[in-house]
Amino acid sequence: MPRLLALTGSPSVHSRTAVVADHVRRRLAHAGFETAHLALRELPAADLLAARRGEPEIRRALEAVAEADGLVIATPVYKASYTGLLKAFLDLLPQDGLAGKTVLPLATGGSLAHVLTIDYALRPVLAALGARHVTAGRFVLDSSVERGSGPDRLRPDAELDLFQAVDEFAEALRAADPAALTSAALTPAP
C-alpha cells in the first residue's frame, strides 16, 4: 500500500491550509491509502533554519519524506509564494529528495491573484528535487474554509474541486505502482 505524507507549511496554529490537507488525508485514507501528516511549524525552528539535518526531529522528518511514496505539499501563499517555512524544509532535502515520488501541490490564499503560485513558484522546486510526477494542484481560497463552533469544513464547491485533484493524484499513484492498490475509483468520502 502506498504511503502518503502530507506536509503543511503554515506557521499558524489555526491554519486553513491544515484544514485543506486534513480533508485530503481523510479522502485518501478512505480510499485505502496509509497517510501521515507533518506540520513543519512543529519542527525546532533553530535546527530547521541552521540546516541541522542530524538533529532527531529534523532527521525523522527527512526520513518520513524519504519513506513516502507520495507527498501532499500544502502551503498558504505569503508574498505571492509559498512560505519560508516550507522553503527552509525543502532546502534540507537532497537534490534528488523527491525522486520517484508523486506529489500533489496545494495552496491556500486570500485572493485569486495568487492562483498561479503553484505553477510559478512551487512546481519548479518540486521538479528540481526530482519528483517523478507533480499532479495538477489546487488553489483554495481562504473564504472557502468555513470555521465555526463545529468542525472546520470546506464549502461544497471547493471540496468537489479539491477532491477531483485528490482523485487524479490517487490515480497517478496507482499508475506508478498498479499492484499497490486493487480498488477501483475512489468513492465519496463519508
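Observations on the model:
- The chain has equivalent-ellipsoid semi-axes of 23, 21, 15 Å, by the square roots of 5 times the alpha carbon gyration tensor eigenvalues, sorted largest first.
- Solvent-accessible area, 1.4 Å probe, carbon plus sulfur percent, for the stretch 103-185: 57
- Using only side-chain charges placed at the Cβ, +1 for Lys and Arg and -1 for Asp and Glu, the dipole size of the stretch 1-150 relative to its Cα centre rounds to 200 debye.
- Residue among 170, 21, 136 with the largest mean-square fluctuation in a Gaussian network model of the chain, springs linking Cα atoms under 10 Å: 136
- With each label modelled as a point 7 angstrom along the Cα→C-beta vector, the residue 136-residue 53 pair spans 3.6 nm.
- The chain: most fluctuating residue of 128, 176, 74 per GNM, C-alpha cutoff 10 Å: 128
- Kyte-Doolittle mean at least 0.0, axial Cα span of 20 Å or more - DSSP H helices of the chain: 156-176
- Per residue, the solvent-accessible area of the chain (1.4 Å probe, heavy atoms of protein chains only, all protein chains present) comes to 48 Å².
The values are calculated or read from the model by the stated rules, or taken from the named source; none is laboratory data. Worth saying up front: this structure is predicted, and the values here are computed from it rather than measured. No Cβ is skipped: glycine too gets one built from the backbone with ideal geometry, and neighbour counts run over all protein chains shown. Quick note on the areas: whole protein, heavy atoms, side chains included, nothing else; ligands and nucleic acids left out. Shrake-Rupley method; radii C 1.70, N 1.55, O 1.52, S 1.80 Å.
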